[in-house]
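Before any comments, here is the structure.
The values are calculated or read from the model by the stated rules, or taken from the named source; none is laboratory data. Since the structure is predicted, the reported quantities are computational estimates derived from the model, not experimental observations. Cβ placement follows ideal geometry from the backbone for every residue including glycine, while neighbour counts extend to all protein chains displayed. Just the protein is used for accessible areas: all its heavy atoms, side chains included, with ligands, DNA and RNA removed. Shrake-Rupley method; radii C 1.70, N 1.55, O 1.52, S 1.80 Å.
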Amino acid sequence: MEKKKINIVAVVTMCFIFAMISFVTNMAAPFGNIWQVKYEWAGMMGNMMNFLAYLFMGIPAGKMLVKVGYKKTTLIALAVGFIGVLVQWLSSKVAPESMIGGIGVNIIVYLLGAFICGFCVCMLNTVVNPMLNILGGGGNRGNQLIQIGGTLNSLTGTATPFLVGVLIGTVTDKTAMSDVAPLLFIAMGVFALAFVIISFVKVPEPAQERKAVKYEHSPWKFRHCVLGIIAIFFYVGIEIGIPSQLNFFLADPDGKGAFAAGTAGAAAIGGAVAAMYWLLMMVGRAFSSAISGKVSTRAQMIFVSSVAIILIVLGIVLPKDILVSMPGYIAGKGFTMNQVPVTALLFVLCGLCTSLMWGGIFNLSVEGLGKYTEQASGLFMMMVVGGGIMPLLQDLIAKNVSYMTSYWLVVAMLAYLLFYAVWGCKNVNKDIPVE
């Protein structure tokens, strides 16, 4: 049988989009360090607004793929993303004393910008995942391309919290969004440049070719797809919750976390350590992309889910006075080795495990869906709202009980992913026609 020829230009384009998704999404959690100084409830609200947009945009984004195609959906998303980042920057221009109902107008504007950015990354995610899977011909090869895109996604995910930490250093009551304006300008520039580049790139349009196809059923008829949609909800909560809460644990200015109150450079150390989580996600995805042609997606999912559970449980139960050295960056001192609880190292190592879960779950869940793939992609994007809901729930547990107790929620979600990999991912509805 002749091996399917891969469209390299289209693959590179999709991988670039994958990188942008993480760059924009990962700004929310470290920005929360700025806002929660004045509003204790605001730590994860930017992240929540970003992911809440998925709930509203997931299904419409899937329909957009069928109606206007992959390329136009991407261009619309890039334009929306530029507007969202611009609005976040405008929040730094609002006078701090401006209030509505006791809440600053500046944070309202910021949260609006985060919500708009959520629409952007939802549309981009809806485009990139099915496209890479299709370009790879599905199966292990499709998962391999998703993991390659995910590697670049992790690279930019590594850079974002690190850059925010460097820009703000130590969080004080004077820290403001204006301190991270350079990062917002970079984001707007990238969106504008990407819009121009993709305007000239030819992107395959498989959904357009199926416009006349009748859809007698829906993705909801496939058990493995439904269970996969639930898995995606939990997975995004895990991926965001682990490094975000770790960042808060290390950067806590009140001494309730890893360091004593007022520790110099705590936010920078927290940002650097959180960045290492995303760096290891990049390493894990690169490794997965190398082996996915030979090692099944299901086998990889079973292994990493099991290891992640072990790492998180160890991180919870080990005392925080057991220290290890991890690199960080402190303004005026440059790169330094800092003593942090061993818990931080164990949680960071989870990045190797979570690295391949997104692509793995998506690949297993759409396997055998055929013409229902685009509809399923929209449903998946809708359930990415879990990345806002579950970390927010984890944050509430952390604030009302303790940081470590909140990670039992992560353990429970990982247990579901293990269940899905072992049993839930099997397609038991092969009798439904998908051509």
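Quick rundown of the values:
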quantity: Hey, A53 under 27 Å from F185 (Cβ atoms) and surrounded by fewer than 23 Cβ atoms within 10 Å (Cβ to Cβ) or not; calculated: no
quantity: Any chance L280 is closer than 20 Å to M404 by Cα and either out of contact with any Cys (no Cβ under 6 Å at 6 or more places or on another chain) or of a type in the set (A, V, I, L, M) (or both); calculated: no
quantity: Residue pairs meeting the criteria (Cβ under 7 Å; at least 6 apart or on separate chains; first closer than 11 Å to I232 by Cβ, in the range 350-364; second hydroxyl-bearing (S, T, Y) and surrounded by 24 or more Cβ atoms within 10 Å (Cβ to Cβ)); calculated: M357/Y235; W358/Y235; G360/T297; I361/Y235; L364/T297
quantity: Test: residue in the range 252-271 that is polar (S, T, N, Q), closer than 24 Å to G386 by Cβ and crowded, with 17+ Cβ neighbours inside 10 Å; calculated: no
quantity: Complete set of residues in the range 56-110 that are open to solvent by less than 70 Å² (accessible area, probe 1.4 Å) and not in a helix (DSSP H, G or I); calculated: V94, A95, S98, G102, I103, G104
quantity: Counted residues, the range 82-114 - those being of a type outside the set (A, V, I, L, M) and farther than 18 Å from Q36 by Cα; calculated: 3
quantity: Residue pairs meeting the criteria (Cβ under 6 Å; at least 6 apart or on separate chains; first farther than 14 Å from Y403 by Cβ, in the range 331-345; second of a type in the set (A, V, I, L, M, F, W, C) and at pLDDT below 85); calculated: T336/I330; N338/I269
quantity: Where C117 falls short, out of the listed (1) open to solvent by less than 10 Å² (accessible area, probe 1.4 Å); (2) at pLDDT below 85; calculated: (2)
quantity: For S305: the one exception among (1) farther than 27 Å from S289 by Cβ; (2) at pLDDT 95 or above; calculated: (1)
quantity: Candidate set: the range 145-159, residues that are hydroxyl-bearing (S, T, Y) and modelled with pLDDT of 75 or more; chosen: the one farthest from the chain's Cα centre (by Cα); calculated: T151
quantity: Residue list for the range 194-203, filter: open to solvent by 50 Å² or more (accessible area, probe 1.4 Å) and within 22 Å of the chain's Cα centre (by Cα); calculated: F195
quantity: Any hit, the range 34-43, residues being surrounded by fewer than 24 Cβ atoms within 10 Å (Cβ to Cβ) and modelled with pLDDT of 80 or more; calculated: no
quantity: Residue identified as at pLDDT 80 or above, among the β-branched types (V, I, T) and closer than 23 Å to S154 by Cα among V12, V87; calculated: V12
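Here's the yes/no breakdown for (1) closer than 27 Å to F18 by Cα; (2) modelled with pLDDT of 85 or more:
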{"site": "M282", "(1), (2)": "yes, no"}
{"site": "G293", "(1), (2)": "yes, no"}
{"site": "R298", "(1), (2)": "yes, yes"}
{"site": "M301", "(1), (2)": "yes, yes"}
{"site": "M326", "(1), (2)": "no, yes"}
{"site": "A331", "(1), (2)": "no, no"}
{"site": "G334", "(1), (2)": "no, no"}
{"site": "T343", "(1), (2)": "no, yes"}
